[in-house]
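The values are calculated or read from the model by the stated rules, or taken from the named source; none is laboratory data. Since the structure is predicted, the reported quantities are computational estimates derived from the model, not experimental observations. Methodologically, a virtual Cβ is constructed for each residue, glycine included, from the backbone with ideal geometry; neighbour enumeration extends over all protein chains shown. Quick note on the areas: whole protein, heavy atoms, side chains included, nothing else; ligands and nucleic acids left out. Shrake-Rupley method; radii C 1.70, N 1.55, O 1.52, S 1.80 Å.
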Amino acid sequence: MMMLRVVSAAVLAVAVILPATLASAGPIEDRQAIMKGNGRDTKAGGAMVKGETPFDAAAANKILANYAAGAKAFGKHFPASSKTGGDTEAAPAIWDKPADWKAALAKFQTDTAAAVAMKPADAASFGKAFGLVTANCKSCHEAFRIKKG
């Protein structure tokens, strides 16, 4: 009887908590979460490329997969309603030059998918794949990001 209560409580907790954790916080917060993940992966990948941490093929491929997933989801988080308000670094150019924004996003998506397809098994091949992905960062940040502080 006690076991049934414990299992019931666990099922109820999952039913209540899981949807809340999967729910969107809002477009600004969602895109910030993606960029925070990209920052984490850039730091870890950069350390591997520089030899500051040992190369780990599984971790390297996970980094690339994370970038690809983020690139695929990122564009959905820029509705016109999120152009102003909130703590955002998104530049008006995203909405003022939508063709340029879509082209930059498409390039990032293509490059991240290509990097994942490389399936790097050593530091040299990871460096090439990682470079393909991170080459997008500077140009996109310069054109579509407001640098704060």
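With respect to the conditions (1) of a type in the set (D, E, K, R); (2) open to solvent by 70 Å² or more (accessible area, probe 1.4 Å); (3) at pLDDT 95 or above, residue 30 falls short on a single one, namely (2). Every condition in (1) without any contact (Cβ under 8 Å) to a residue 40 or more places away in the chain; (2) out of contact with any Phe, Trp or Tyr (no Cβ under 9 Å at 6 or more places or on another chain); (3) surrounded by 14 or more Cβ atoms within 10 Å (Cβ to Cβ) is met by residue 68 except one, and the failing one is (1). If you check 83, 50 for being at pLDDT below 95 and more than 18 Å from the chain's Cα centre (by Cα), only one passes: 83.
The residue that is nearest to residue 127 (Cα to Cα), among those in region 37-55 that are in contact with a helix residue (DSSP H, G or I) (Cβ under 7 Å, 6 or more places away or on another chain) and of a type outside the set (Ser, Thr, Tyr), is 49.
Which pairs turn up if I take residues in region 90-114 that are surrounded by 15 or more Cβ atoms within 10 Å (Cβ to Cβ) and look for partners that are modelled with pLDDT under 95 and β-branched (Val, Ile, Thr) with beta carbon separation below 7 Å, at least 6 apart in sequence or on another chain? If the second residue must be modelled with pLDDT under 95 and β-branched (Val, Ile, Thr), the pairs left are 91/146.
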